[in-house]
Amino acid sequence: MTFIPYRILLGATPVLVDSEPDTWNIDPELLEEAILDRKAKTGKYPKAIVPVALYGMPYKADRIMEIANKYGIPVVEDAAEGFGSRYKGQMLGTFGKYGVLSFNGNKMITTSGGGALITEDEEHWREIMMYATQYRESYPYYQHEKIGYNYRMSNICAGIGRGQMTVVDQHLAHHKHVQALYEDLLKDVPGVHVHSQPNPRSLDYARDDKEEVPVYDSNYWLCTITIDEDVKVKGQENAYKTIVTGAVGGAAGVIHAAESAHTDCEPNANVEAMRVALDKAQIEARPVWKPMHKQPCYKDVPAYVNGVSEAIFKVGMCLPAGPYVSDDDVKYIVETIKAAIERA
Ligand SMILES: *Cc1c(COP(=O)(O)O)cnc(C)c1O
């Protein structure tokens, strides 16, 4: 059997498009370049565009939809992290042909696992539900016209989700509050920057009574900071000296032992030293997501890069922001960050 490395799960070839500096999401101009270059190289337009709301931050939905419509490419919004975020007043997940939400344990609300797919099209919804339930036809016995999946949500999970819907507004308010607190408490720390949404205002075109709203209304699912390379963090000379075991990997105690403490694309030493300092203070912080084109499993897929996601990965860090993070916790986290920085 031949192993075709670029064709993943569904048999599609992913094409990666780099980030833009302000939202950290897909760069719409680079997206258009990628579309045109794919057309030139393969004779075909991509089958779908998948913008991701990174850490809940809205992508430039109107520009992405404009490009998608120009070339007739459907948009599947990955709003897994962006449940409750809005762009120009409109909920993420409702711009594209489909929107996808995640209710995994760490998301804005949870059903323990699973998620939701949003579509306005009843026909499509019916077909999707067929696929999600093993494509079982209506006979007294199992009859499958097509090969489906076992992706439906169990009634127990759905019940948890219905309960969670009663706290979603509180969770959204809490995440925004925690973000504002980080922004306030970290504003005077030199070289440490809280990643915040751009702040222009616009008319809410989703409403009849057109009201002025912020263009970006992030749910701030995760709070992220960047640490300038010249910030000296205590112990950074020892960063990456030992192989970390099980920081994010594995399940049920199963991990692959890493071969080396380094990879060819990793956060700066001061960021790793900060992570270790926070870890020692019982605070779980993590680097921001590693760029997909730097993941070994995607090393050979077509990628349109501009250096932005790699630059962010070197300096970025995610801070705790969940429903149990109190004001005192945020103060403690910020104090720990300050204490870890070497004074000039
Ligand atoms: C969590 C997440 C997913 C996957 O969601 P699951 O429900 O865990 O499968 C997909 N995309 C993004 C951006 C996510 O954060």
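The values are calculated or read from the model by the stated rules, or taken from the named source; none is laboratory data. Computed from a predicted model, the values in this text were never measured in an experiment. All Cβ positions, glycine included, derive from the backbone under ideal geometry; neighbour counts span all protein chains shown. Each accessible area value is taken on the protein alone, full model and side chains, heavy atoms only, with ligands, DNA and RNA left out. Shrake-Rupley method; radii C 1.70, N 1.55, O 1.52, S 1.80 Å.
State which residue is modelled with the highest pLDDT when the search covers only the stretch 183-209 and only residues that are open to solvent by less than 40 Å² (accessible area, probe 1.4 Å) and farther than 22 Å from F313 by Cβ. Among residues in the stretch 183-209 that are open to solvent by less than 40 Å² (accessible area, probe 1.4 Å) and farther than 22 Å from F313 by Cβ, the one modelled with the highest pLDDT is S202.
Count of the stretch 93-127 residues, restricted to those that are within 14 Å of the chain's Cα centre (by Cα) and closer than 21 Å to A321 by Cβ, is 8. Apart from one condition, P14 fits all of (1) within 16 Å of the ligand (Cβ to nearest atom); (2) open to solvent by less than 20 Å² (accessible area, probe 1.4 Å); the exception is (2).
Each residue in the stretch 133-153 was checked for being in contact (Cβ under 8 Å) with a residue 12 or more places away in the chain and open to solvent by less than 50 Å² (accessible area, probe 1.4 Å), and 3 pass.
Scan the stretch 284-330 residue by residue and report those that are among the charged types (D, E, K, R), open to solvent by 50 Å² or more (accessible area, probe 1.4 Å) and either within 15 Å of the chain's Cα centre (by Cα) or within 12 Å of V271 (Cβ to Cβ) (or both). Residues satisfying the conditions are R286, K314.
Of all residues in the stretch 248-265, one or more are in contact with a helix residue (DSSP H, G or I) (Cβ under 7 Å, 6 or more places away or on another chain) and touching a residue at least 24 places away in the same chain (Cβ under 8 Å).
Of the residues making up the stretch 178-220, just one is assigned to a helix (DSSP H, G or I) and closer than 25 Å to T94 by Cβ, namely Q179. Listed by first and then second residue, the pairs with beta-carbon distance under 6 Å, at least 6 apart or on different chains, first residue in the stretch 43-71 and open to solvent by 50 Å² or more (accessible area, probe 1.4 Å), second within 15 Å of the ligand (Cβ to nearest atom) and not in a loop (DSSP other than H, G, I, E, B), are V50/V76; V50/D78; V52/D78. Looking across the stretch 221-243, the residues that are assigned to a loop (DSSP other than H, G, I, E, B), surrounded by 12 or more Cβ atoms within 10 Å (Cβ to Cβ) and out of contact with any Lys or Arg (no Cβ under 8 Å at 6 or more places or on another chain) come down to L222, D228, V231, K232, K234, G235, A239, Y240. Please go through the stretch 103-132 and give me each residue that is open to solvent by less than 40 Å² (accessible area, probe 1.4 Å), free of Cβ contacts under 8 Å to residues at least 60 places away in the same chain and near the ligand (Cβ under 8 Å from one of its atoms), ordered by number. Matches in the stretch 103-132: G113, G115.
Residue count for the stretch 244-283 satisfying the condition of being at pLDDT 95 or above, open to solvent by 90 Å² or more (accessible area, probe 1.4 Å) and in a loop (DSSP other than H, G, I, E, B): 1.
Residues are listed down the side, and each one gets a yes or a no for (1) modelled with pLDDT under 95; (2) within 12 Å of the ligand (Cβ to nearest atom); (3) in a helix (DSSP H, G or I):
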position: I35; (1), (2), (3): no, no, yes
position: K39; (1), (2), (3): no, no, yes
position: Y55; (1), (2), (3): no, yes, yes
position: I67; (1), (2), (3): no, no, yes
position: I73; (1), (2), (3): no, no, no
position: A80; (1), (2), (3): no, yes, no
position: T94; (1), (2), (3): no, no, no
position: L101; (1), (2), (3): no, yes, no
